[in-house]
1. If you check D116 against the conditions, is it under 15 Å from A45 (Cβ atoms) and surrounded by 11 or more Cβ atoms within 10 Å (Cβ to Cβ)?
2. If we keep just the residues of the stretch 102-124 that are closer than 13 Å to L72 by Cα and among the aliphatic types (A, V, I, L, M), which is farthest from the chain's Cα centre (by Cα)?
3. Give me the residue from the stretch 66-101 that is surrounded by 12 or more Cβ atoms within 10 Å (Cβ to Cβ) and among the polar types (S, T, N, Q) and, out of that set, farthest from the chain's Cα centre (by Cα).
4. Going by the structure shown, is E105 within 18 Å of D52 (Cα to Cα), in contact with a Phe, Trp or Tyr (Cβ under 9 Å, 6 or more places away or on another chain) and surrounded by 13 or more Cβ atoms within 10 Å (Cβ to Cβ)?
5. Determine whether A45 is at pLDDT 70 or above and in contact with a Gly (Cβ under 6 Å, 6 or more places away or on another chain).
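The values are calculated or read from the model by the stated rules, or taken from the named source; none is laboratory data. Keep in mind that what you see is a predicted model, and the values were worked out from it rather than measured. Cβ: placed from backbone, ideal geometry, glycine included. Neighbour counts: every protein chain shown.
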Amino acid sequence: MNKLLAVSALAIMVGFAGAAHAQYQGAAASRGGFTGPGLATSTVAEAVKLSDDQPVVLVGKITQSLGDEKYLFQDASGSVTIEIDDEDWRGVNVTPADTIEISGEVDKDLFDTIIDVNRVQLKK
């Protein structure tokens, strides 16, 4: 009898957990958010002059891989090293011929400026 009671209690808990998860997913989809202007697009030349941790949006091309999640990014104003973590690609495939928009933040150290990329998007 105790086993039947334990199995029944477990089944009820799993059912409640599934219902709560479904309700949460529905609420998350209908939460909404901001739609409108965001950060202005900058150039590489402007971005390398920004302070550490400043948000930036750049449009250009990745011209080569530098290894270890680092790439050379170029626009008409110059080039800069960018870092894109594997999970931040989000399924986007890019070649040197593709124009992309990247969003991230400036990461300055004593000798170098890198753009730490959070989002990669193909431009059409």
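1. no
2. Here the residue is I114.
3. Checking each candidate, the answer is S77.
4. no
5. So A45 passes the test.
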